[in-house]
Amino acid sequence: MRFAAPLVCSFALIAAGPATAQTCPTRSDLDRGGVRLTRSSPFMTVLLTNAGETHVEERRTKRGGATQRVRSTYLHPLAVAQRQDNKSVLTFKYGRNTRSLQRLDRDKVWTSPVTLLQGTKVIDKGTVTSRFRGKGTLKVGGCSYAVWSVLEEVKLGKIPTSAGEKIYAPELVVVLNY
């Protein structure tokens, strides 16, 4: 299976740390300064790093002439734990260990109860389901990565259901579509 992802293909993917002999970022680059994804139109830059067992995403976009900054932390690249912008902090508390997402290609489906908090206030509860759709290869610039297609569905009680595809590179430990 080969994936078409025009937004991803327009990204430049670079190691953000010290220059190395390698031209394509690897998992170890996440620990050595990070991996940066950039897109010029519309502008977006994402710096991905590791902080111990947590993955951190620092995203900057331009909308309406203003730069927006969002910092997200992940327990696993497929499971956001916290999203912080200038207005609020949203936290996802999972009822299931997110490390088991690393076996999604074998298990095929991962479901967890989830509680959504704004600050310390519970604002909704529901479930998150990730479904493995297949494997493929994705080329970003001159780099090729083995990837999984994962359909994520978030069903909460008060907030409308959201669903979307994530293209996850397990060896790089990064979601590549934005």
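Every read-out reported here was derived from the displayed coordinates using simple, explicitly stated rules and does not represent laboratory data. A quick note: this is a predicted structure, and the numbers were derived from the prediction, not measured. Note: ideal-geometry Cβ built from the backbone for every residue, glycine included; neighbour counts use all protein chains shown.
Summary table
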item: Residue order, fewest to most beta carbons within 10 Å, for Val89, Val56; result: Val89, Val56
item: Neighbour-count ranking [beta-carbon atoms within 10 angstrom, fewest first] of Tyr74, Tyr94; result: Tyr94, Tyr74
item: Cross-link reach list, lysines versus Lys158, counting only Cα pairs under 19 Å and skipping chain neighbours closer than eight places; result: Lys93, Lys121, Lys125
item: Neighbour-count order for Val154, Val35, fewest beta carbons within 10 angstrom listed first; result: Val154, Val35
item: Relative contact order (%) - criterion: Cα under 8 Å, at least six apart; region: the chain; result: 17
item: Computed E for Arg133/Ile159 - FRET, C-beta separation, R0 25 angstrom, nearest 0.05; result: 0.55
